[in-house]
Structures are given as C-alpha cells and as structure tokens.
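S.K.: I'd like to ask some things about the structure below.
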Amino acid sequence: MSWQQFSLARVRVCVDNGGVMTMNEQITEGMKTAMRAKDSVALGALRGLKAAIQNARLAKGSVNAELTPAEEQSVVRKQIKQREDAIALYAQAGRTEQVEKEQAEITILAALLPKEMTEAEILPVLEAVIAELGASTKKDMGRVMKEMQARTEGRAPGKLLSQLVGSRLN
C-alpha cells in the first residue's frame, strides 16, 4: 500500500465515522490520525484546510462565526482548486514529486466532500428545472445554472453542470 493510499484510508476512516461529525470534527480527527501515523502529507493538507476555514470564519465576522456546511464545502473545493492549479505549474516545471504530493492532498481533501452526482443523476433534475423556468435559449443559462446549483447543493461539478445546461439550451 503506497503512502497515498494509506493517507486516504486513514482519513476516510475518520470521515466515515458515523456520518454525524461536523466538518471541523472530521478535520480534527483526521489530523490526530495523521499525527499518529506520522503522515506529513495528510497532516499538512488538513492543517491547511483548517486554516482556510478559520480565515473564512474571520471573513464572515469573527473567529466564532459558524459556517454552513455549504460554505465549508466551498472552502474545501477552493483548496482542491488551488492544488489543481499547483499541479499544472509543477508538471510544467517537471517536478513530479510535488505533483504526486499535491495529488495526494487532493485525494485527502476530496474525502471530506459529499459524493459528486453523476450525469445520470443530474439530467432528471436539469430537465425539471428547465421545464419549471420555461428556459429555452442560452440567455436563460444563468437562471438555470443558479437553480441547478441550489438544487444539487454543490454536489454537481460546475464544469459538467455548465456543459449539460449549455447542451440542453439552444
């Protein structure tokens, strides 16, 4: 088992522990597990995420401000996006070690997000939204996207959603 698989398995155990833990509790438990396993990659990714969530709380008003689950998921997605951007730069520079490290961190962070919807799960919701809004042209794409994002609760990848909406509207 590679260290990447080990990290993911350790974090996933914490994440899947009953499904009643808050994001903050999941991160803390994941950090404890990573420390016990001496897994610096997982620990670094989770510490970075915890700091990003703390910054989001500060931006919202105070250190004690509560973030909604959707806001927490948004922070995780931003962290994943940052790592994807870093991967592109590291790959361009030929730094394969850093690429692997960033990919491992993405895997760990992705374990904290709910399972993404597939195209087959998105299509019925999309058809219903288009029918309800009476959307037919590309001009309506913004309204449809906004409603789709609300209904899928952030579980649908934005690129896929945009592609599907664009293909359905003239």
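The values are calculated or read from the model by the stated rules, or taken from the named source; none is laboratory data. Predicted, not measured: the structure shown is a model, and the values here were computed from it. FYI the Cβ positions are ideal-geometry reconstructions off the backbone, even for glycines, and counts take in every protein chain you see. These area figures cover heavy atoms from the full protein model, side chains too; ligands, DNA and RNA do not enter into them. Shrake-Rupley method; radii C 1.70, N 1.55, O 1.52, S 1.80 Å.
S.K.: Let me know the charge dipole size of segment 94-170 about its Cα centre in debye, to the nearest 20, where only the beta-carbon of Lys, Arg (+1) and Asp, Glu (-1) is charged.
M.R.: Dipole about the Cα centre, nearest 20: 320 debye.
S.K.: Over the chain, give the accessible area per residue in Å² for a 1.4 Å probe, as an integer.
M.R.: Value returned for the chain: 59 Å² of accessible area per residue.
S.K.: Give me the net charge for the shell around Gly166: Cβ to Cβ below 13 angstrom, other residues only, Lys and Arg +1, Asp and Glu -1.
M.R.: Residues near Gly166 contribute +3 overall.
S.K.: Same structure, new question: With helices defined as uninterrupted DSSP H runs, which ones in the chain have an alpha carbon span along their own long axis of at least 24 Å and mean Kyte-Doolittle hydropathy of at least 0.0?
M.R.: Taking the DSSP H segments of the chain (at least 24 Å long, mean hydropathy at least 0.0), we get 40-60.
S.K.: Got a number for the accessible area of Glu105? Probe 1.4 Å, square angstrom, nearest 10.
M.R.: 10
S.K.: Separate question: When the helix-only estimate is applied to the chain (DSSP H runs of n ≥ 4, each -39,500 (n - 2.57), divided by the residue count), what is the mean residue ellipticity at 222 nm, nearest 500 deg cm²/dmol?
M.R.: Using -39500 (n - 2.57) per qualifying helix, the result is -24500 deg cm²/dmol.
S.K.: Run the accessible area of the chain with a 1.4 Å probe and give the carbon-and-sulfur part as a rounded percent.
M.R.: On the way: 5300 of 10020 Å².
Using a 1.4 Å probe with all protein chains present, the chain comes out at 53 percent carbon and sulfur.
S.K.: Can you send over the solvent-accessible area of Val63, 1.4 Å probe, protein chains only, in Å² to the nearest 10?
M.R.: So the heavy atoms of Val63 present about 70 Å² to solvent.
S.K.: Report the full-extension gain for the segment Ala88 to Ala52: residue separation times 0.36 nm, less the Cα-Cα distance, to one decimal in nm.
M.R.: Going from the current span to full extension adds 10.8 nm.
S.K.: Still on this model: Normalised by the empirical 2.2 N^0.38 Å for globular proteins, what value does the Cα Rg of the chain take? Before the final figure, lay out the partial values.
M.R.: On the way: Rg = 18.4 Å, N = 170, 2.2 N^0.38 = 15.5 Å.
The reported ratio for this selection is 1.19.
S.K.: Pairs on different chains or at least eight residues apart, Cα atoms closer than 14 Å: how many lysine pairs in the chain fit?
M.R.: So the count of such lysine pairs works out to 5.
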